[in-house]
Structures are given as C-alpha cells and as structure tokens.
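Below: one structure, written as structure tokens.
Derivation of every value follows stated rules applied to the coordinates shown; laboratory data play no part. Owing to the predicted nature of the structure, the values given are computational and were not obtained by experimental measurement. Here Cβ is always computed from backbone atoms with ideal geometry, including for glycine, and neighbour counts include all displayed protein chains.
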Amino acid sequence: MKLELEVNGRAALVETHPAKRLLDVLREECGLTGTKEGCGEGECGACTVLLDGQPVMSCLVPACQAEGRRVTTIEGLTLNGELHPMQQAFATEGGAQCGICTPGMILAAVAWARDRSSAADVGEALAGNLCRCTGYTRIFSAVAAALDRSRVAGEGERQ
Amino acid sequence: MRSHLADFEVVRPTSLEEALAFASTQARKPGGVTPLAGATDLFVPFNAGQLAPTTLLDLHRIPELTQAPRWDGDLYRLHALNTFTDCRRDSLVGERLPLLVAAARELGALQIQNRATWAGNIANASPAADGVPALLAYEACVELASVRGRRRVPLEAYFTGYKQSVRAADELIVAIDVKVPGPGARHFFRKVGTRRMQAISKVVAAGVLERDAAGVVTRATLALGSVAPVTVRARHVEAVLVGRRIDDATVEEAARAVHEDIAPIDDIRSTRVYRSRIAERLVRVFAATVTV
C-alpha cells in the first residue's frame, strides 16, 4: 500500500506492506535507525516511538494503522541540531550505557514530561522500558534533572 | 520479524457493514479472517513467525467501532476499539467503575495500554487476561455482530474453553456494556505477577461486594484469572458470602470454597500449588478488606 504519515514533523509517503511493523518502516523505508529493536514482542520498550504524541511499541504497530498519523522518533527530538533537554539530561547524568534502550527510554520520558497525568511517577512512566546495563537510578535522575531544567527554562512543551 | 508478509493479506473496511460482509464470505476459507484491533496480542506471535497465514481485518477505519466510550445513565458502553488508556483518562470511570481503571493501570505498560483494546482482551480469550476479571466482576455483556444480526452474550457465558469462545468465525465484538454497581459497593482488584507491570499474571482477581445497612452481603461477584482454562466467576465463594455478615468463620469458609471454583495448573509462570494458595489468600483479602 501507499502509506502517508507524518514523521518528525514532515510528510512521508512510502510504499509498504500494510502489516509491516512500524519499526521496520521507520528503519528501512524512512532510514531512521535511531529506533531500536530489542525483544520484538512488546516487552522491552526499546522500539518506543510517539504515535500522535502517545508512547507505543513500534514492533506491535502494523504500518497501516499509522496512516495519516503523527510519528515522533528519537531523531525528531533535536531542534536545529540542538539536543532536547531530556537527551541532554541523559548525557549529563550518565543515563545510558550500551544505548539500545536509550531512544525508547527518552521518548517515554518525554511523553511523561509533556503529560504528567499519564503516570503516577517516573517508575510507572518507564515501566515499559527495560535497561540491562545501568540499572535505573541514573535514568530516573536524568528524567528528574530534565524536569527541573525544563521548569527553569520553561521549555517543557518543546517538540 | 519472522513471518512472511506475503502470507498475510490486510483488508481495511470503512464501515461495519462492509467488514461483516467480508467476514461472512471469507470465514470458511483457509486461514479465515482475524480481526485486528490494537495488535498488542496478535503481533507477538506474528513477529515470532507463529501466526498461521490469515487475512487480517483491520478495524481502525470503522467509525462505529472507533467512537469514544459512552455513558448512558449507569451503563458504560465500550466500543471495540476503545483502549485501556481511554478508561484510565475518564475520571467518571475511576469513580464509578474503579476496577476498570485498576486493571488498565496494571496491564502491560503505558505503551501497551495506549493501543490494547478491551474487546481484544476478550477476543484473545486468554485465561491470563487482566481486563477480563474486572469486566466479569461488573457482570459485563458482550455485543456481537455478523451479517446474520446482533446478539448479546453475558461475558461469563462467552468463554467456552482455553482460548475458545462462542464468537463465530464471521462475528465481530462491537461493544461491551458495563453496569455501575449500587452506591456503597466495595471494589477489589489484585494482580499477582513477577513484577508490577509488563508481567503476565500468576493469579489475578477482581470483585464487587454490596452490603445492606446491617452489614449483610446482598451481592458478591468475584472473578479469578490464570487459575483455570478460562477466567472464572468464583460462584462457590460468592454463594458462601451472600446473605451473611463478614466474620472470621465466613471468611474461612469462603476461602476454602475457592477450590471448588478453580483448576490451576503448573506452567512457565507459576505452579498449581502456589496459585491455589494465592487464590485462597485473595479470597480472604477480598472478603475481609474489600477495597481497590
């Protein structure tokens, strides 16, 4: 099928099978390899992207169900070459080690920062994202630091 | 991704009539028709190459199925594509049907709740479903549609065996009706798994208890998951509780009665013995402290 969707603020038109995973469409058709495949069964959250602003496991989204919708990947968080405050906080606080979980972790954290009512705390917000390297302490501190900085800088709503 | 995409056709009707007509003509063909809602269950075997070739019937372009949940007095109607997040975000659901929110919060994680549907949780017919016990505790009713017409089935009568149901191959779940219990009802939900989220239940329980001014139980519903081939209503436990005050003897008797309601097995997630003990324990907690 011809699939029209919006990826990181830009219109995209790709030819794809309607049941192809959104994960594969992003990596193969769109060339956006920042989205990682971890388990491929919806358990680990490495492939998290935002679909109309909501975090989803892109390995469990058939391409056809992304038609006409807005997708944000890790590549879409930078603005004019500058890191998003959440990305900056993960770098500063050491919230990453091997890096496979990091794009999904950051997108889930950004979704929560934009809508704090979606989860009671950072633990619930990131419960769908597994990290096998660092443990979660530095990841959680990175999210807390980003929230603090955003409050100071007033850029919590930045795309 | 181990499936061959070429083995799967995807049909995307834009009206319920079109979907039902397609299901009716394709139902008997090899592979049949598989309704595709949030894909969070279906795409797991699909990704693993364990889903037999079939025609996927994508329901996302059907307005009747995608419309928001609707309140009609004390009746709450979920449509086929309504997600667990839809329930979590409706403050009225939290007040009046708190078990739906409690179940939604512990099902998968946010990424799953944003896509997974209540109807899909029923259609998948897994005994470990987390949404089903909450719906059963509220005595929900499933509405099925086909070219032959519509019918309503009490959720308790929907499941006929492990991953088996009364839904015919040409039928779709179009809605689920849930009725708000009387004022003063106590609501109980408890999921026991390896971790709080992203865990498939070892045992999951949901119940509602209503009592009169004298403390006598007037209505009790208790549903248990992961302890039988289907999610069950603990009818023996309920029968012990109704008509009595909750005292130590009643709690003891109710806890023992649960063994008449369940048939747990050993599997990769837990054991028969553990599940029996936890089921008994959950009955005690339900009867004694009924609270979400």
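For this structure, a couple of remarks:
- Residue match in the stretch A:111-122 (condition: in contact with a strand residue (DSSP E or B) (Cβ under 7 Å, 6 or more places away or on another chain) and under 29 Å from B:Arg61 (Cα atoms)): yes
- Among all residues of the stretch B:177-190, there is none that is acidic (Asp, Glu) and surrounded by 21 or more Cβ atoms within 10 Å (Cβ to Cβ).
- Answer residue from the stretch A:55-108, given it is in contact with a Cys (Cβ under 6 Å, 6 or more places away or on another chain) and more than 14 Å from chain B (Cβ to nearest Cβ) and is nearest to A:Thr35 (Cα to Cα) among those: A:Cys98
- Residues that are within 30 Å of B:Thr55 (Cβ to Cβ), of a type in the set (Gly, Ala, Ser) and assigned to a loop (DSSP other than H, G, I, E, B) do not occur anywhere in the stretch B:171-185.
- The set of residues from the stretch B:1-47 being assigned to a helix (DSSP H, G or I), within 14 Å of chain A (Cβ to nearest Cβ) and surrounded by 19 or more Cβ atoms within 10 Å (Cβ to Cβ) comprises B:Phe43, B:Phe46, B:Asn47.
- When B:Ala228, B:Ala205, B:Ala214 are checked against the criterion of being in contact with a Lys or Arg (Cβ under 8 Å, 6 or more places away or on another chain), away from chain A (no Cβ under 14 Å) and under 30 Å from B:Gln111 (Cβ atoms), B:Ala205 stands alone in meeting it.
- Evaluation of A:Glu43 against the conditions (1) closer than 28 Å to B:Arg61 by Cα; (2) touching a helix residue (DSSP H, G or I) at 6+ places or on another chain (Cβ under 8 Å); (3) facing another protein chain (nearest Cβ under 9 Å) shows that the sole unmet condition is (2).
- Top-ranked residue of the stretch B:236-292 - restricted to ones that are among the small types (Gly, Ala, Ser) and surrounded by fewer than 19 Cβ atoms within 10 Å (Cβ to Cβ), ranked as farthest from the chain's Cα centre (by Cα): B:Ala249
- On inspection, A:Glu15 fails the criterion of being touching a residue at least 40 places away in the same chain (Cβ under 8 Å) and acidic (Asp, Glu).
- Condition broken by A:Ser150, with the remaining ones in (1) more than 13 Å from chain B (Cβ to nearest Cβ); (2) closer than 24 Å to B:Gln198 by Cβ; (3) of a type in the set (Gly, Ala, Ser) satisfied: (2)
- Looking only at the stretch B:55-93, and only at residues there that are among the aliphatic types (A, V, I, L, M) and part of a helix (DSSP H, G or I), the one that is surrounded by the fewest Cβ atoms within 10 Å (Cβ to Cβ): B:Leu92
- Residue within the stretch B:75-87 that is over 15 Å from B:Ala175 (Cβ atoms) and facing chain A (nearest Cβ under 10 Å) present: yes
- Residue in the stretch A:54-64 that is touching a residue at least 24 places away in the same chain (Cβ under 8 Å), assigned to a loop (DSSP other than H, G, I, E, B) and surrounded by fewer than 23 Cβ atoms within 10 Å (Cβ to Cβ) present: no
- The set of residues from the stretch B:91-115 being more than 8 Å from every other protein chain (Cβ to nearest Cβ) and aliphatic (A, V, I, L, M) comprises B:Leu92, B:Val93, B:Leu97, B:Leu99, B:Leu100, B:Val101, B:Ala102, B:Ala103, B:Ala104, B:Leu107.
Every residue, every condition in (1) more than 17 Å from A:Ala12 (Cβ to Cβ); (2) of a type in the set (A, V, I, L, M, F, W, C), yes or no:
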| site | (1), (2) |
| --- | --- |
| A:Ser58 | no, no |
| A:Val71 | no, yes |
| A:Gln88 | yes, no |
| A:Gly99 | yes, no |
| A:Met105 | yes, yes |
| A:Asp121 | yes, no |
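- Residues that are under 14 Å from the mean Cα position of the chain (by Cα) and assigned to a loop (DSSP other than H, G, I, E, B) were ranked within the stretch B:192-225; the one that is farthest from B:Gly182 (Cα to Cα) is B:Ile200.
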